[in-house]
Amino acid sequence: MADNKKLRELKEKREKLLLGGGEQAIEKQKAMGKRTARERIMGLLDKNSFSEYDLFVEHDARDFDMDKKSLPSDGVIIGTGTIYGAPIAIFAQDFTVAGGSLGLMHSRKITKIMDHALKMRIPLIGINDSGGARIQEGVNSLAGYGEIFFRNTISSGVIPQISVILGPCAGGAVYSPALTDFVFVVDNISKMFITGPEVIKTVLGEEISMEDLGGARVHSEVTGNAHFFAHSEDECFEQIKKLITFIPWHNGKKARAFDAAEPDKKFNISKIIPEDPTMPYDVKDVIRAIVDNSDFFEIMELYAKNIVIGFGRMGGKTTGFVANQPLEMAGVLDVDSSDKAARFIRYCDSFNIPIITLVDLPGYLPGVDQEHAGVIRHGAKLLYAYSEATVPKLTVILRKAYGGGYIAMSSRHLRADFVFAWPSAEIAVMGPEGAANIIFRKEIMSAADPDQMRKQKVEEYKIKFANPYVAASRGYVDAVIDPADTRKFLLHGIEISEYKDVPMPAKKHGLPPF
Ligand code: HXC
């Protein structure tokens, strides 16, 4: 039957295209521990949920004998599907076809799915495995990247954009991810760089491996370009799926609510902070003692560890957490931790996610390195992000809240809706030792026993300022609470902030200290 013939033809054409760059190239891909682009999409999306578009797209390049070459589907797969039922637009670059390089038609496929995602208001996931701009296509490849960057920017804050780096990604293949919300990397597989080792060798005469230049660990620990680090593609996909459960489909919606569940009793919030105020503790234990199911989904776990960010649920609702980490550099704020937290706060604010801030820090990190690295500009990002955020903001001062750190960490003055403090809170311009040395210097120097006098003055200062009651007496702190009641106060605060509405002055946009 004619129909059957046509169907057979379709099947044959499809089967050929589904092989991408061919069996040999697929074998090479697998030998590197990588899945094929199609396997990746299937591994990520709900079973049988993927609808593919533009399978038959071909490049139309002419130069460098390109007119004699066929590049199946032009090296990228696009389509839509679901993850745990949530709609998703997705593209995956196919490294088996010309190294996943981006030519004009390749870019048009990506921009088509990006346009769908924005129009339909659904999250976009991009799986990047690409040598960047397709050299043979010249300015057409550059134009393609420009179109992608533009869409990344316009979609920013409207729909979630997730990038997965699953191969050696160069040039434009890393700038697009850098414009998206979350970047996932896998150990030994992901590489990101603007100029690769070959270029560095030619221009600078320096030899460096791809891994040392821009491997998964480099971007998770050093540059902060990656937000999630995994040991395998499977682990990476589980992380992405989990993230999808925490975020809304677009900025006009809230994240899906789940059944509320109490935290695990093994996290006893009253016993986490040591008696000695100079001793560290793991603030993640405090978060786990507060969130539903003690389930805290940390973001950028390996970067700027002196601040902790991530999602949890409170009463079933997604909530963002920002917390100083006393285990790392006493939880100080510095260039990197300010950047890390500020960006996350803006994410939560864009996507209707309330923010809980846990405060315990001695202030901003002093030193020439930090000053010259631009701690003024970077630190100001945190002030800007908190001030600008209009989602519910709840703050708990656990222990130290000194100086600029007190103001920056979602203080009342930056319009926190609720500020709670534990009895262990110390809210002052600086720590007792430093303060006593400055304001009582004359008394200390002229005393018969300066050490004894210093101790006495430090004690006096502690009694006067190193507590939450001065701030509470001015209403800067709304309630001094028993740590055991923290979850109760926060749940209530989030509940009654459900319809929070704060008008802001009309403007085109502000000028955050980028
Ligand atoms: C055309 C490319 C390509 C590219 C790789 N290929 N990158 N073809 N344009 N940009 C092809 C190779 O020729 C090869 O084809 C196949 O893909 C696999 O590449 P290999 O080099 O064999 O793989 P590997 O050894 O794993 O190295 C991968 C790589 C390397 C590190 C990505 O290929 C590389 O350095 N490529 C160039 C990277 C780059 O400089 N890109 C341009 C960036 S500028 P065959 O036929 O042999 O299988 C850019 C502009 C935008 O992107 C900037 C925006 C700001």
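The values are calculated or read from the model by the stated rules, or taken from the named source; none is laboratory data. The structure displayed is predicted, hence computed values, not measured ones. A quick note on method: Cβ atoms are made from the backbone with ideal geometry, for glycine too, and the neighbour counts reach across all protein chains shown. Areas reflect the complete protein model, heavy atoms only, side chains present, ligands, DNA and RNA absent. Shrake-Rupley method; radii C 1.70, N 1.55, O 1.52, S 1.80 Å.
Annotations for the structure displayed:
- The sole residue among Met453, Met445 that is aliphatic (A, V, I, L, M), touching an Asp or Glu at 6+ places or on another chain (Cβ under 8 Å) and surrounded by fewer than 20 Cβ atoms within 10 Å (Cβ to Cβ) is Met453.
- Criterion (modelled with pLDDT of 95 or more, out of contact with any strand residue (DSSP E or B) (no Cβ under 9 Å at 6 or more places or on another chain) and loosely packed, with under 15 Cβ neighbours inside 10 Å) met by exactly one of Asp276, Asp234, Asp285: Asp234
- The residues of the range 146-171 that are closer than 16 Å to Phe95 by Cα, within 11 Å of the ligand (Cβ to nearest atom) and open to solvent by less than 10 Å² (accessible area, probe 1.4 Å), listed by number, are Gly167, Cys169.
- Criterion: open to solvent by less than 10 Å² (accessible area, probe 1.4 Å), part of a helix (DSSP H, G or I) and more than 15 Å from the ligand (Cβ to nearest atom) - qualifying residue of Ile113, Ile77, Ile90: Ile113
- Leading residue by the ranking (most open to solvent (accessible area, probe 1.4 Å)) among those in the range 116-138 that are hydrophobic (A, V, I, L, M, F, W, C) and within 10 Å of the ligand (Cβ to nearest atom): Ile135
- Of the residues making up the range 56-69, those that are open to solvent by 80 Å² or more (accessible area, probe 1.4 Å) and closer than 22 Å to Gly138 by Cβ are Asp60, Arg62, Asp63, Phe64, Asp65, Asp67, Lys68, Lys69.
- Every residue from the range 193-207 that is of a type in the set (Ser, Thr, Tyr) and either open to solvent by 100 Å² or more (accessible area, probe 1.4 Å) or more than 8 Å from the ligand (Cβ to nearest atom) (or both): Thr202
- Residue in the range 324-346 that is within 15 Å of Phe246 (Cβ to Cβ), without any contact (Cβ under 8 Å) to a residue 40 or more places away in the chain and over 12 Å from the mean Cα position of the chain (by Cα) present: no
- Counting only residues that are touching a residue at least 40 places away in the same chain (Cβ under 8 Å), open to solvent by 70 Å² or more (accessible area, probe 1.4 Å) and not in a loop (DSSP other than H, G, I, E, B), the range 490-514 holds 1 of them.
- So Met210, is it open to solvent by 70 Å² or more (accessible area, probe 1.4 Å), in contact with a strand residue (DSSP E or B) (Cβ under 6 Å, 6 or more places away or on another chain) and either within 14 Å of the ligand (Cβ to nearest atom) or in contact (Cβ under 8 Å) with a residue 24 or more places away in the chain (or both): yes
- Out of Asp3, Asp54, sole residue that is closer than 17 Å to Ala98 by Cβ and without any contact (Cβ under 8 Å) to a residue 60 or more places away in the chain: Asp54
- Residue in the range 213-228 that is within 11 Å of the ligand (Cβ to nearest atom) and of a type in the set (S, T, N, Q) present: no
- In summary, helices (runs of 4 or more DSSP H) completely within the range 368-478 and bearing 1 or more residues that are within 30 Å of His492 (Cβ to Cβ) and at pLDDT 95 or above occur at 375-388, 403-408, 469-473.
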